[in-house]
Structures are given as C-alpha cells and as structure tokens.
Amino acid sequence: KCLYLAVRVSDMVYGVVGIGLAGEAPLDSFENSIVLSILGECALALENERAIREREESAVLAKNEQLRANLLRSISHDLRTPLTGIIGNSSLFLESQNDLSSTEQRTIMTNIYEDSNWLLNMVENLLSVTRIQGDSLSINTTEEPVEEVVGEVLEKLKKRYPDAAIRVKIPEEFLMIPMDAVLIEQVTINLLENAIVHSGSILPIDFIVEDHPEHVSFIVRDYGKGLSEEKLQNLFETGTYNNSRSSDSRKGMGIGLSICKTIITAHHGTLSGRNHADGAEFCFTLPKAEALASEK
C-alpha cells in the first residue's frame, strides 16, 4: 500500500517518508530518482543542522570548562591569603598570649574574625554557583516579592557591615518577579559589598529598584573613586585582578562579579557596570513573568 524511503546520510537515518500508492503501480525509475534526490537534499540539510548544533554545544562546553578552570585558579589564589592569615594569627596568639597586651590580642582576634567572615562569604558564593544546573545555565525560579528579597539583603548586610550607610529607594507598587531568591540575594549582597569595600568613600550608597514595563532594575550606586579603565574592560572575568591586587587580596572582587554575571544570565537578565560623574554604578535587570512567557 505504501512505499517507504529513508531520509539518510550514510548510516545516519533522520526519518522515513511513506508514499501512499493506493493500489497504483510503484514509481517508475525517473520518479524514483527524483524522490531519492529530494530526500537526499533533506538529509543533507538535517545533517548540516546537526553539525551546527554540535559545534554550538562544543563551544558552550569549552566556555564552561574555561570558566571552571579560571574559577579554580582564582579560588586557590584567593583562599590562600586568608587561610595563611588565620593560621599565622592563631599561632601567634597561642605562642605569645601571655606577652601580648589586650590591644594586641584584640587586633589578632579581629584579623581572624575578618578573615573567617571572608571565607564564609566565599563559600556562600561557590554554593550559589552549584545551584545553577548543568551547562545550560538553567535554574528553578518562583515568583518572589521584590520588597521581601531587598529586606533580606539589607538584614544580612547589616550583620557584616553594621556601620555602612545605604539609602534604599523602592517602588510603592507590589512587585513579583520570577527568580531564585537565594541567588539574587547573593548577587545584590556582592554588589553592595563591593561598593562598601572598594569605593574608598564613606558617603551613603544608593540602592535603587526601578519598575519597567518588561523588567525590574536593581541599581547599586556609590560615590567614590570609580572604576579604572582596566577594570571596566574586564569587569566580569573571573580572576581578572589576581595580578594587580593590593596586599589585602582577600578583598578582591573578581570572583564575586563573575558569579554575579553567571547568575543574572541564568535568569535571562543583564548585568552591567560603569562610572558616573561621582563614582561607580552597577545595574542588573530581571525580566517579569510576562516578558519571559513571550520569549518562550
């Protein structure tokens, strides 16, 4: 009743075409050659599409592998300094406790406390990356109220930097955005922490949330020394500053910004950094549910 012909290239079969004969005679040699020619062209087109897809997948895998390698190199460098500081300070305290003044003892314990906090923050950053599933940068999101996420961020940051001054401006409207709340909190904390540590200013930091038709913007603006041209060119590359940091390298921000970029990209948002007239500004956007639905 039917004539079945394979859509194939060598041993790779992409499909089968059935031609209904309805009791008629099979195709003659000319018709058969025309059909086989058409199916051959279809198979070649599918073969080319498969090859392109495999090249794209290979490029993504190579990029992610490079990201992992850079991250591991940065981790080994950045963890060594605070760990050495903790070991050195604790050893000094144990060996010379009776000979140290109360001021010196407090200085040593303060250094240990600060290095330990930095290590905790680093671990939180790395755990954030593990929440991003596989090479497709996919995450599980639920609609979260922006106001609650901002509140959690400010509460956590206050514990780390009780003296930091942050001016918050958030829309009065109730905003719900699809997100992984833990990851977005980590991004926001990283950006605010960078502004506190790297701006070189004691002026208040502006944290602004803006509502737009298709997305919500989160802006962190400081009023300090701004970003150098070198940092602006490689702002979100992992480990960019390893060779140019000060001796206090535990306060480098390369890993944090690289992780922030990965997280926001996984949310289908954007992250950018620039200088303004009086300092530096970082802005990330998260699309609203309607915008994500229209993309799909």
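The values are calculated or read from the model by the stated rules, or taken from the named source; none is laboratory data. Just so it is clear, the model here is predicted, and its values are computed rather than measured. No Cβ is skipped: glycine too gets one built from the backbone with ideal geometry, and neighbour counts run over all protein chains shown. Side chains are part of the model used for accessible areas, which takes the heavy atoms of the whole protein and leaves out ligands, DNA and RNA. Shrake-Rupley method; radii C 1.70, N 1.55, O 1.52, S 1.80 Å.
Observations on the structure shown:
- Ordering of 41-53, 90-102, 267-279 by burial proxy (mean other Cβ atoms within 10 Å per residue, highest first): 267-279, 41-53, 90-102
- Estimated FRET transfer efficiency when R0 is 45 angstrom, pair Asn98-Lys159 (beta carbons, to 0.05): 0.85
- Over the chain, accessible surface divided per residue gives 59 Å², non-protein components excluded, 1.4 Å probe.
- Summed side-chain charge close to His276 - residues other than His276 whose Cβ falls under 10 Å, Lys, Arg +1, Asp, Glu -1: -1
- At full extension, Asp28 and Leu83 could sit 11.7 nm farther apart than now, given 0.36 nm per residue minus the alpha carbon distance.
- With every protein chain in place, the chain: carbon and sulfur % of accessible area (1.4 Å): 54 percent
- The chain shape via C-alpha gyration tensor axes, a/c threshold 1.5: prolate
- Dipole magnitude of the chain, debye to nearest 20 (Cβ charges: Lys/Arg +1, Asp/Glu -1, about Cα centre): 780 debye
- R0 of 22 Å, Cβ-Cβ distance Asn117-Val168: FRET efficiency to nearest 0.05: 0.40
- Efficiency of FRET from Cβ geometry, Thr110 and Lys225, R₀ 25 Å, rounded to 0.05: 0.50
- For the cross-link pairs Lys63/Lys225; Lys63/Lys156; Lys158/Lys225; Lys63/Lys159; Lys63/Lys158, the ones whose C-alpha atoms lie over 28 Å apart are Lys63/Lys225; Lys63/Lys156; Lys63/Lys159; Lys63/Lys158.
- In the chain, the calculated helix contribution to ellipticity at 222 nm averages -18500 deg cm²/dmol per residue, counting -39,500 (n - 2.57) for every DSSP H run with n ≥ 4.
- Between Leu46 and Asp278, the modelled label-to-label distance comes to 6.4 nm, taking each label 7 Å out from Cα in the direction of the beta carbon.
- Dipole of the chain, positive direction: furthest Cα of His267, Thr141, Gly224, with charges on the beta-carbon: Gly224
- Charge-dipole axis of the chain as Lys and Arg at +1 and Asp and Glu at -1 on Cβ define it, positive-most pick from Ile19, Trp118, Leu83: Leu83
- Here's the picture: charge each Lys and Arg Cβ at +1 and each Asp and Glu Cβ at -1 in the chain, and of His212, Ser29, Asn234 the one pushed furthest to the positive end of that dipole is Asn234.
- Stretch gain in nm, segment Leu21-Thr270, where the contour uses 0.36 nm per residue and the Cα spacing is subtracted: 84.0 nm
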